[in-house]
Amino acid sequence: MSTTAPRPAVVTDFSLVTGLSRTRKPLQRRMSAMAGMYADQRAAERLAEEDVLVYEFFDMGVPQSSGEVAYGTSITYPGKVGDEYFMTKGHFHSVLDTAEIYYCLRGRGLMMMENPEGDVQWQEFTPGQGVYVPGRYAHRSINTSPDEPLITFFAFPGHAGHDYGTIESKGFRKIVVERDGAPAVVDNPKWAR
Ligand SMILES: [Fe+2]
């Protein structure tokens, strides 16, 4: 397509209450697709049998080229696998050195981040707070609320791409669990070097 050809502006809607769109369909990730990612395998398998919905998000079909901005909302539901909070699969970007911004619209949680060199960071999500994930950092949203969905709006460079496989096989170095009624970041017993 010529770069000078007219292109229509795109209008989308997202609910601040549910994170969902009336006009677009989200992609859903259920426990059966990620049971192996949680530390408590037995608890994960029980929830996988019920095929609990863990999170959903939007792929708006933005062209995957530099200059474009991919965006959407992500909704991670409340729940725990054993004592580990519900979370997204998490990923690196295929073009490693591309960043992403997540803005928290509703709920409570954490963004867990780590780079290939092993630097680990996490930042709290509360409504009105944005977390800028630097390039080179894998990222995963974790819902630490007992009863509210964690809803974020995200945007990243169109050409970034997604690498889910590295995290699927290795995990993150840290996980977030409930300890004495509060979230705690601990070493992931399943993390593979
Ligand atoms: Fe991302």
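General observations
- Scanning the stretch 131-186 for residues that are more than 16 Å from the ligand (Cβ to nearest atom), under 19 Å from residue 107 (Cα atoms) and not hydrophobic (A, V, I, L, M, F, W, C) yields 143, 144, 145, 146, 147, 148, 149, 178, 181, 183.
- Where a residue in the stretch 153-176 is among the polar types (S, T, N, Q) and its partner, wherever it lies, is more than 15 Å from the ligand (Cβ to nearest atom) and at pLDDT below 95, with Cβ under 9 Å and at least six apart: 169/192
- Residue in the stretch 118-129 that is within 13 Å of the ligand (Cβ to nearest atom), more than 20 Å from residue 29 (Cβ to Cβ) and of a type in the set (A, V, I, L, M) present: no
- Restricting the stretch 166-185 to residues that are part of a strand (DSSP E or B) and surrounded by 14 or more Cβ atoms within 10 Å (Cβ to Cβ), the residue that is farthest from the chain's Cα centre (by Cα): 178
The values are calculated or read from the model by the stated rules, or taken from the named source; none is laboratory data. Remember, predicted model here, so these are calculated numbers, not experimental data. Note: ideal-geometry Cβ built from the backbone for every residue, glycine included; neighbour counts use all protein chains shown.
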